[in-house]
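**Student:** I'd like to ask some things about the structure below.
Read the figures in this text as sums done on the coordinates, not as results from a lab. Quantities reported herein were computed from a predicted structural model and do not represent experimental measurements. With ideal geometry, Cβ positions are generated from the backbone for all residues, glycine too; neighbour counts draw on all protein chains shown.
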Amino acid sequence: MFPMLRGDRGFSITELMLTVAVGATIMAVATPIARDVTAAIKLNEAARTVEREFQDARLRAVNVNRELRVRTNCPSAGLLRTVEVIGTAADTASNRCLLSAYPFPADDNLATRPNYDGPVRTLPHGATVTTVNFEFRPDGTVALVVSGVAQPMTTEQIVTVTRQGRSRTVRVNSAGKVQLQ
């Protein structure tokens, strides 16, 4: 229908190479930026995991009318677990975060404790968290746990979540306010 003219056959090799060079330059500039954004997203996800665990423990403590502790780096770095305070030596036991010793979910018998231990959560993407243990009380307040003993918090506590040299903080005060910074 439309006869092709000799000059309308397509792109020249010069035009094609120029387009490829511009595209490669844009990709070279965008790759480090995309990596930085991805790293920030992964760090934020880990920090939100810690913040949500604290918030959930506080709300669950109020809901079930029991003291609950959030243990960080339990049983190893990058893990955390909410456990019920049962008033025995098990509260400070090193195996308290092991699912083999204290399974999740617990049995359905409310007469045996603990019943409100949560799952062991892994911080995503190789993030780590400072070792700070909190006890959330049924009235919504928070105590700091040092050597297995709950102590009143006199100052706001800062929990640092770190991944690849970058960090975010989660602040917890004695009134139970948990805030991601």
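**Student:** Any residue at all in segment 96-112 that's surrounded by fewer than 12 Cβ atoms within 10 Å (Cβ to Cβ), under 16 Å from the mean Cα position of the chain (by Cα) and either without any contact (Cβ under 8 Å) to a residue 60 or more places away in the chain or on the phi < 0 side of the Ramachandran plot (or both)?
**Tutor:** no
**Student:** I'd like to verify a number: residues in segment 48-72 that are more than 12 Å from the chain's Cα centre (by Cα), part of a helix (DSSP H, G or I) and basic (K, R), how many?
**Tutor:** 2
**Student:** Please specify each residue of segment 73-131 satisfying the condition of being polar (S, T, N, Q), closer than 18 Å to A57 by Cα and part of a strand (DSSP E or B).
**Tutor:** T82, T122
**Student:** Restricting attention to segment 133-155, does a residue exist that is of a type in the set (F, W, Y) and either touching a Leu at 6+ places or on another chain (Cβ under 6 Å) or closer than 15 Å to T72 by Cα (or both)?
**Tutor:** Yes, segment 133-155 has at least one match.
**Student:** Within segment 132-155, which residues are out of contact with any Ser or Thr (no Cβ under 8 Å at 6 or more places or on another chain) and either surrounded by 14 or more Cβ atoms within 10 Å (Cβ to Cβ) or in a loop (DSSP other than H, G, I, E, B) (or both)?
**Tutor:** F134, E135, F136, R137, P138, D139, G140, L144, V145, A150, T155
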